[in-house]
Structure formats: structure tokens, C-alpha cells
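See below for the structure under consideration.
Bear in mind that the values in this text are calculations on the coordinates, not laboratory data. A quick note: this is a predicted structure, and the numbers were derived from the prediction, not measured. Methodologically, a virtual Cβ is constructed for each residue, glycine included, from the backbone with ideal geometry; neighbour enumeration extends over all protein chains shown.
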Amino acid sequence: MLFHSQIFLLAFLPATLALYYRLAENANGRQRLLIVASLIFYGWWDIRFVPLLLGQVVMTWTMAAIHFQTGSRLPIWLAIYANLSVLALFKYLDFLVSIAEQGLGVPLPRAGLILPIGISFYTFQLVSYLVDVLRGEAKHYELRKLTLFVVLFPHLIAGPIVRHNEIIPQFALDPLRAGAAERISRGLALLVSGIALKVFLADSLARIADPTFVAIERAVPSFSDAVAGTLAFALQVFFDFAAYSDMAIGLALMMGLHFPLNFNQPYRATSLRQFWRRWHMTLSRFLRDYVYIPLGGSREGTARYLFATFATMGLCGLWHGAGWTFIIWGLAHAAGLAICRFWDDADLPMPPALGWLLTFFFTVALFGLFRSPDLTSAYRLGIGLAGAGAIGKPWSINTIMTLLVATGLALAPVTFKDALDRWLVATRLTAAALAATAFYALLVVGEGQPKNFIYFQF
Amino acid sequence: MLGWEQFLKMVLLGLCGLLAFAYGFIVLINPYGHLPWHVLGAHAIMDTNQRFQYPAIARSQLFNSVVIGTSSARLLDPDRLDAALGGRFANLSMNAARAWEQYRLARLFLAHQPRLKTLLMALDWVWCDERADLDRITVRGFPEWLYDENPWNDWIYLLNPPTIEFAGRLALYRLGLKPARLAANGFSVFVPPESAYDAVKAEKYIWQGRSREINAVIPAYAPSAEDLQSWRFPAIAWLDELLRETPKNTRRILAFMPSHIASQPAPGSREAAREQTCKAHIWEIGKRHDAEIIDFRIYSSITTRDVHFWDPLHYRLPIAHRIVDGIARAVATRLDDPGGDWAYVH
């Protein structure tokens, strides 16, 4: 069930919210309701993966329970190992087999497992909880609360990657506490703006990007197509995921829960380090706290810094997908981050405008690699961008307008969420505008099959 | 300024009101004609997306004969077919229809017209497409829910901008403010008026800069056992099923529509051999179900002359009349056309 589908917006969400607020004074009851609703939401894609999801949660909780009873750290390590093994099995097994196949030079059988949707997101949340238990920074939650923390439908499929200690305490808060109407209104506004961004902008950008990434499987694209496709995808992936995050944050807010921000106008960044503080912020935070800092971070010498950076960003790439394009994308970002750091350490000048330009071109070009189906296609795209192919046809008016609007919005000084926080005030006019926009968005999502979010595949 | 509670109430009431109004209007007007009522007058075809509009005709039971095909059959005039073959014809040929879409529409017609007099399947290359089972529909989309017999899903795909637009047009039609887009029998002349025909332009469209000379391959390609094993014609099974489910007393006609020789495989080529193999399968199925089989997709006095076509696939209106008359004569005489327009197979 996609957020931007009528079945979700006209049936699932109203029913869930109505029951949730009916159970507002019964904390246990409304938590159980949200668990059931979230499992229905998840099972709508493929009911076969519900036992896997619940199995990972129950296993994690059981191992934590043994740890808290016995004081042994072994169950926690076993649980981390088991969770990561499940992720590796579904996501990376065939990739590893393909590497082995290339090394051995003989064909090997593939498992061909279907990737359970959201597995990368919920596994990371479980692992973060387990690591916090090891660090003594997490308590033993009731099974119901831990389950709800993991399966809560607004973030289950594609984040934001929330942490137990920022969400579980909120489960006890009365959703009808002061400000409920404002939270629901602002949540609804954010949900509607997310739908609009996804349907009108991200999906339009996909129509420009997709043909280029199909064409590079066969030939070097023209310069014009390579630039349009790469820029369109870089903007699409941002708006697609930012829209999803806005919808998730809005949905949570409608239930009185606050999710962390996930994007903060990353294409305005004037350095790569700043970019990663603004792009997929909850993943960056996870990687910083659970990979980069434990590996030594930046405080234990240059060699250790380089190791930590390349390992973290390599893992970041691998998290996005089992393929060399993702790994190289992550490692290229690591190289860029290292250069940024050395530049800063050497006190070399970097005017903000030049810093922005370099960051923008670097991140956009690397999204071309990220989207390419394989390295050969990525190479074709790269030389197409360098002008090795034909010049190509001029862009259509529609392409120019879509790219202009998207670039303008991506570089705007405020996010949609900021704008709504600042300027959504309770007047008759804004109420009418929100109702009309929500109505139109509901109509538009009823036309044809809604397109999946890009990050669902991760 | 309002309080937030008042604001939220206004938003929810406004949203629910708009949704209820839009949904009520759509259901009342019934733009796809699939709900069991017609308020303020009869149904009319108010849009040219035939995939959404033709199910209403198929369900209407107003017609006891039907021609189904792609745009290569859209110019076959139902009134002329009525006169030539008897019965009351609807022409439900859809632009760029895939074989699957034609099959679904024919099934729907059969399900609602148990006393079907004539089923005329106007065939073209899509029935021989090896990807027919993989590319079942086009980018135009295909509303499966209008073609099934599940009454529940009739209610859940209605809330969207095109449906509101169709409902609006239909309401205007019923108020006498707008004409119907297509005739009640599905027919429309989609090509420009005959007076606008430009032979030079047509020639350009037909040959698209290629040489006008079609060289037959000599010796003709002889399909190997491997070819015959690997060539796939997945749509033919649907045709088989369709003919099997057609009532016994129905006249079944399979007619390959003419296309200009520029769009046909060169004689003797591998593609021509593949097409012949496909046709042979269709002939075999047609014979098994006692269908009349007529082939206009041959080198003929129709298909070899540029002035008969607007483009390689679409013939002119007088040719459409010639095809209708030809079908009637073929069915009556059970012979090839002496002038060579068609081959009578069975």
C-alpha cells in the first residue's frame, strides 16, 4: 500500500486514525492497534514477509531480554549477527555469488530471493537498538513497544531511520494532549505537500531521466540526453525521497508523534561534508554513530580517518544496493569527503559559490553512476557527459521547464516543511486551500497505477 | 484567525464535502455506463479513449454483431456491415489495441450478448506478435475493472480527474449542450476528409524515405525445424478460446485487414515465413471452429497502390467500403476475389 494511493488515503488512513483517536486514552490499546494496522500495511505488499519482520523483532527482543537477565553480551552479538545475516541473505547473497563466479570463472547457481520491502531500514533500526543495549544506552522495552517502534507504518518501508529513544517514549504521550488539532492539521498539510511533490515533480522528472538510463545500456548517449537524464535523476531521487519523508513525518504528526528530519535542502550545500549533513540525515546519523565513530572517526590520525571514511561510505553505498555502481558511488563520496577535509585542514580558500558549484556538480554526476544499471552503462554515461557522443537535440520546452522548476525548488532557501511550519496559519482561506489541494491530490493519485518510491528498492 | 480545532473541522468538512460531491456526481452521471442507471437520458460516448468507452457498448445489448480490431478496422462502417451481412453491428476497434485488449473486449461482448449474430475479428500483426503475452496493454492503460464481472470494483476506480471530465461532458451532452464524441455504435471516421487527401504526402508517410522497390528474397526462406519450434504466437491461444466460447449459431469471421506492402514483410524473407506460419496457425484454429477466413493482408490491388492509403496501416474510406463489400462477397461466394483483393481461406 503506497502512501499516495486512494486505498491508503481514503480507507486505511481514516480508519486507522479514527480508531487511534478513539483509543486515545488507552495507551496499550492504541499501540496494539498501530501494530495491527502496520502489519496490514506491510502485508499488503507481500504477506509472506510479515513473519520475517515479526521474527526479527521477537528474536531481537528475546536476546535483549536474556542479556538484561543474565548480563551476558553474547546474546546481543548473536542478535546483531542474525539480523545482519538476514539482510545479507536477502540483499547480498546473489551479489556475492556473482563475485565468486567471476573469480572462479564457473557459473554458480543464484538464490533469486525476493528482497523484502523495507528490510534495510528496519534491520538498521534493530541493530541500532542492539548496539545501544551493548553500550548501556538502551533499556529493555516491553515487546509491544519494541515491535511498534520497528513496524510503525509511517517509517517502516523507507524511514526516516528513527532511534528507539526518540520514538518509544512518545508512545506514552496522549495524542489528544494540547495542540492535537494543530498537529493533525500540520501533519495533513505535510502529507498533501509530499504527495504533490511526488506526483507532480518526482514522477515528471522520472519521465525525463528514465529514457537516458535505458539508452545507456546499448550506446553512448548524446551530451544533451546525458545531461538531462543525469540532472533529472539527481533531482528526482531528492524529491522522491524528500516527498516520502515529508509524508512519513506528516503521518506521524497526525498521530501525535514527532519524527526527525531527513532532508534539509542538500543541493544548497557548499561542501560535500555539508551535503551529507543535509542528505538522508537519519542514515548519515546512523552511519556516523554506529560505524564511523566506532571505527575511529577523525580523532585518531589521518590513516584511521581515511579508513573510517572509506569504510563508512563504502558501506553506505552497499546499503543502497548490492552492486558495484553503489559501492563505487559510496567510495567516490568518501574520496570527496577526504579531499574536503584536507582542503579545510590546509586552510586553503574556497569561496562559497565555488564550493556550491563543485558540490552540486560532484553529487549530481555521481547520481548518474548511482542510477546506472551497471559499470559499463555508467562508463557510457560518463563519456556521454564528457561529450564523447553526439551533441544531441535541444531539450523540449517541457524538459526545460521541469528541470528549471525542480532545480529552483531544490535550491530554495527553505524546505516545504519549513515553509509550512512558518506560514501555515489557521485562517478560513488556508483551510479552504488545504481542503482543495488535498482533494485535488486525492483525485490525481486515483489516475492509473501510482509509481513506487525509489528508496523502496533499498 | 481561527482556532486550530475550527481550522481542522473546516478542512475535513471541506475535503469530505468535495469528495462526496465529486463521487456523487460521477456515480449519478455514470460516465462509463457500467452502473445500472442512466440519469437524465441515454448513455453516449464522450471520449475517444475507446478502452474506457467501449465496455458500455459491449454491455448495452443494443447490438447483435460486432467487429473488433485495431485502427486498421475502425473505418469499417457498421451501417454498411448491417446491410452487407445482416444484423446490427457495433464497431469496437480500438486504436493501437493489443491482441489481449481485443480479446478482453470480445469476451465482454460475448458475455452480454448471448444471441450474437456475427463476430468479425479484424486481425492484423498484433495477433502474430511474439511478445503479445508480455506486452498485453499499451501506455494508454487498460481498465480491467470495466471488463470483469466483479461488481465491487466498479465503484473504486472512479475518483480521478479524467472520470470527472467524462462525467462533465456527458452531463453537458444530456443537457443538449455538447455533441457525442463517437456514434452509439462506436464508429467514427478518424482520418481527415477525403477532400483533404494529398497523394504526395501519403506517399511520403508510406515509404518514409525508403526505396519503393521491394525485392523478393530468392530462394524464399524455408523455416527450419528450430524456427518452427522457437517462433511464438501467444495471442493465438486467446483467439482459439474466443472462438470456442462463441455461441454455436454465431457466424465467425476472421479477416486479416489490408496493410500497404511497404509495411508487410518482403516476399521470401524470414519475416514473411514467420508471418505465413502464424497465419497457418490462425487458419487451422479458424477451420476447427468453422470460421469464415478471409485474408486481405496480401499483395493485392489494394495493398500495392499508394493512393489507397493515408499511411502504411490506414487505408482510405472508399477502401473501407470495398473491404466491407469484399467480406460480404467472400462469405457469399466462398471464393478468392477475382480481382485479387482477398484470398478466401475457409
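Restricting segment A:416-445 to chymotrypsin sites (Phe, Trp or Tyr not before Pro) that sit in a DSSP loop and have at most 11 other Cβ atoms within 10 Å of their own Cβ leaves nothing.
Within chain A, the longest run free of GluC sites (Glu not before Pro) that sit in a DSSP loop with at most 16 other Cβ atoms within 10 Å is A:301-446.
Top mean-square fluctuation among B:A222, B:A266, B:A22, Gaussian network model of chain B, C-alpha springs under 10 Å? It is B:A222. Which of rounded, prolate, oblate describes segment A:17-167, given a ≥ b ≥ c as roots of the alpha-carbon gyration tensor eigenvalues and a/c under 1.5 marking rounded, otherwise prolate only if a/b is larger than b/c? Oblate shape, in that a/c is at least 1.5 and b/c is the bigger or equal ratio. Overall, the anisotropy analysis places segment A:179-328 in the oblate class: the square-rooted eigenvalues a ≥ b ≥ c of its C-alpha gyration tensor yield a/c not less than 1.5, with a/b not exceeding b/c.
Taking other C-beta atoms within 10 Å as the exposure proxy, B:H346, B:H43 rank B:H346, B:H43 from fewest upward. Residues whose amide H comes within less than 5 Å of that of B:W342, counting only those at least five positions distant or on another chain, are B:D337 (H built at 1.01 Å from N in the peptide plane). Can you pull the percent of Cα pairs in the protein assembly as shown with separation above 52 Å? Every Cα pair in the protein assembly as shown considered, those over 52 Å come to 28 percent.
Helical runs assigned H by DSSP (4 residues or longer) give chain B a calculated mean residue ellipticity at 222 nm of -12500 deg cm²/dmol, each run adding -39500 (n - 2.57) before division by the residue total.
Net charge of the neighbourhood of B:I298, taken over other residues with C-beta under 12 Å away and scored Lys/Arg +1, Asp/Glu -1, is -3.
Using helices alone, I'd like the mean residue ellipticity at 222 nm for chain A: each DSSP H run of four-plus residues gives -39500 (n - 2.57), total over residue count, nearest 500. Walk me through the numbers on the way to the answer.
Values: 20 runs with 300 residues, N = 458.
Value at 222 nm, helices only: -21500 deg cm²/dmol.
Look at where the Cα atoms of segment A:1-41 and of segment B:161-239 average out, and the two centres are 48 Å apart. Each of A:M281, A:M1 was scored by other Cβ atoms within 10 Å of its Cβ. Listed from fewest to most, they are A:M1, A:M281.
Of the chymotrypsin sites (Phe, Trp or Tyr not before Pro) found in segment A:1-80, no site is in coil according to DSSP while having at most 13 other Cβ atoms within 10 Å of its Cβ. Sorted largest first, the principal axis extents computed over the alpha-carbon atoms of chain A equal 65, 60, 51 Å.
Amide H to amide H distances under 5 Å link B:Y315 with B:W310, where only residues 5 or more positions off or on other chains count and H is placed in the peptide plane. Coupling constants for segment B:119-136 follow from the phi torsions by the Karplus curve (6.51 cos²θ - 1.76 cosθ + 1.60, θ = phi - 60°), and in residue order they are 10, 10, 8, 8, 8, 8, 4, 4, 6, 9, 5, 6, 9, 4, 7, 8, 9, 6 Hz; glycine and proline get x. Using the Cα coordinates of segment B:31-344, the gyration tensor eigenvalues translate into equivalent-ellipsoid semi-axes of 33, 23, 20 Å, sorted from longest to shortest.
Hey, fewest Cβ within 10 Å first, where do A:D345, B:D295 land in order?
Numbers: A:D345 10, B:D295 21.
Fewest-to-most Cβ neighbours within 10 Å comes out as A:D345, B:D295.
Springs join every pair of Cα atoms under 10 Å in this Gaussian network model of chain B, and among B:H260, B:H281, B:H308 the largest mean-square fluctuation is at B:H281.
For segment B:31-344, the dipole from Cβ point charges (+1 on Lys and Arg, -1 on Asp and Glu) about the Cα centre works out to 620 debye, to the nearest 20. Phi angles of segment B:269-284 translate, via the Karplus equation with coefficients 6.51, -1.76, 1.60 and θ = phi - 60°, into HN-Hα couplings of 7, 4, 5, 5, 5, 5, 5, 5, 5, 4, 4, 4, 5, 5, 4, 5 Hz per residue; Gly and Pro are given as x. Classified by the C-alpha gyration tensor, segment B:197-346 has an oblate form. Its axis ratio a/c, with a ≥ b ≥ c, is 1.5 or above, and a/b does not exceed b/c. Name the residue, out of B:W238, B:W152, B:W37, whose mean-square fluctuation peaks in a Gaussian network model built on chain B with Cα pairs under 10 Å. Most flexible of the set in this elastic network: B:W152.
How charged is the neighbourhood of B:T118? Take every other residue with its Cβ under 9 Å from the Cβ of B:T118, and add Lys/Arg as +1 and Asp/Glu as -1. My count for the surroundings of B:T118 gives +3. The distance separating the Cα centre of segment A:252-314 from that of segment B:90-109 comes to 55 Å. Summary of the geometry: segment B:290-305 and segment A:105-169, compared by the centres of their Cα atoms, lie 64 Å apart.
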